[in-house]
Amino acid sequence: MSETPLAQELTDNTRRLAAARAATVLKPAKTRIFTVSNQKGGVGKTTSSVNLAAALASKGLKVLVIDLDPQGNASTALGVQHQKGVKGTFEVLVDDVPMINLIQRSSTFESLYCLPATIDLAGADITLFEEFSNEERRNRLEASISTMLATMPADKRPDYIFIDCPPSLGLLTVNAFVAANEVLIPIQCEYYALEGLQQLLETIDRIKSNLNPKLRVSTILLTMFDARTKLAGQVADEVRKHFANEVLDAVIPRAVRVSEAPSFGETIMTYDKSSSGAIAYLEAAIEMANKGAHNG
Ligand SMILES: Nc1ncnc2c1ncn2[C@@H]1O[C@H](COP(=O)(O)OP(=O)(O)O)[C@@H](O)[C@H]1O
Ligand SMILES: [Mg+2]
């Protein structure tokens, strides 16, 4: 008896989920620091930051998400306090508060932490301009992360740090590029997916030459893939043609459950852990971890 497409998909998902659950992930030799950026809004930066982080935490790794967007969407999805008055990224960047003092544990995984962002962060650009020299103001995040890592015992240090960037190439994003070793670019499989990518890559090149020689675009993740449209497949092919080594095999499908999770203060990894979105993020996280653990 031949299976219907839906039954076939369910069997596939069951098999993929079992494989992903059974897979082991390598622990990186030292903390891998990713900035998740794309100056376009709504391409899946925050969704990818929190779900990849949760997927790695579900494998037992220690993960920190730094919310660098005044919207605070990553903080929401990780179920941490970030209402006005809560101290977070702003105080770290502007007031020299040690990061370790302001990090909160996520509501869902024991080894998943978040430095929250409040709306105050919207004023950080201006304050940094007013209070710090040209050189200093770009290095604030890097300095804070380095101090934290240097003062933590090795067995407590995060294996992964994800910096969730706002949709711009302003001073906050520059701080993220200076602090990171790797850039993860989420690309939405839609019209104009590649528009603006050149500008992003040029900015990264400039940072690499002038401020952070170790920065590299290591990972590109295709998000919100809709298998029913021909366009999504064409966009995916185009991106793979240009970035053969960087694009992950795992592709994140467009799935309503993924977009619902944050309103419950959860990631898809707990909100609906057997769903297609959870499987895809878990596969992407495993691939990232095992591809880059040695050279991070
Ligand atoms: N795979 C997905 N399937 C369905 N909706 C998604 C998916 N990824 C993201 N979304 C939704 O798309 C919107 C933009 O995603 P988000 O991660 O916030 O983008 P960004 O951080 O780049 O602005 C959000 O409402 C989010 O819930
Ligand atoms: Mg976002």
Average projected area of the Cα convex hull of the chain, in nm²?
-> 15.3
The local net charge around THR229, scoring Lys/Arg +1 and Asp/Glu -1 for residues other than THR229 whose Cβ lies under 12 Å from its Cβ, equals +1
Of MET99, MET152, MET269, the one that fluctuates the most in a GNM where the chain has Cα springs shorter than 10 Å | MET152
The chain: angle of helix 5-22 to the longest principal axis, Cα-based, in degrees nearest 10 = 50
Which value, in Å² and to the nearest 10, is the accessible area of THR24 when all protein chains are kept and the probe is 1.4 Å?
-> 110
In degrees, nearest ten, helix 140-151 long axis to first principal axis of the chain (Cα) = 80
Probe 1.4 Å, all protein chains present, accessible-area order of GLU266, GLU182, largest first = GLU266, GLU182
Percent relative contact order of the range 28-292, based on C-alpha pairs within less than 8 angstrom and at least six residues apart?
-> 26
Counting only C-alpha contacts under 8 Å and six or more residues apart, can you give the relative contact order of the range 208-265 as a whole percent?
-> 41
Accessible area of PHE264, 1.4 Å probe, to the nearest 10 Å²?
-> 130
Cα-Cα over 19 Å: which of LYS30/LYS156; LYS27/LYS291; LYS59/LYS214; LYS59/LYS156; LYS27/LYS62; LYS59/LYS291?
-> LYS59/LYS214
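The values are calculated or read from the model by the stated rules, or taken from the named source; none is laboratory data. Everything numeric here is computed off the predicted structure, so don't read it as measured data. Please note: Cβ atoms are built from the backbone with ideal geometry, for glycine as well, and neighbour counts cover all protein chains shown. These accessible areas exclude ligands, DNA and RNA; they are computed on the full protein's heavy atoms, side chains included. Shrake-Rupley method; radii C 1.70, N 1.55, O 1.52, S 1.80 Å.
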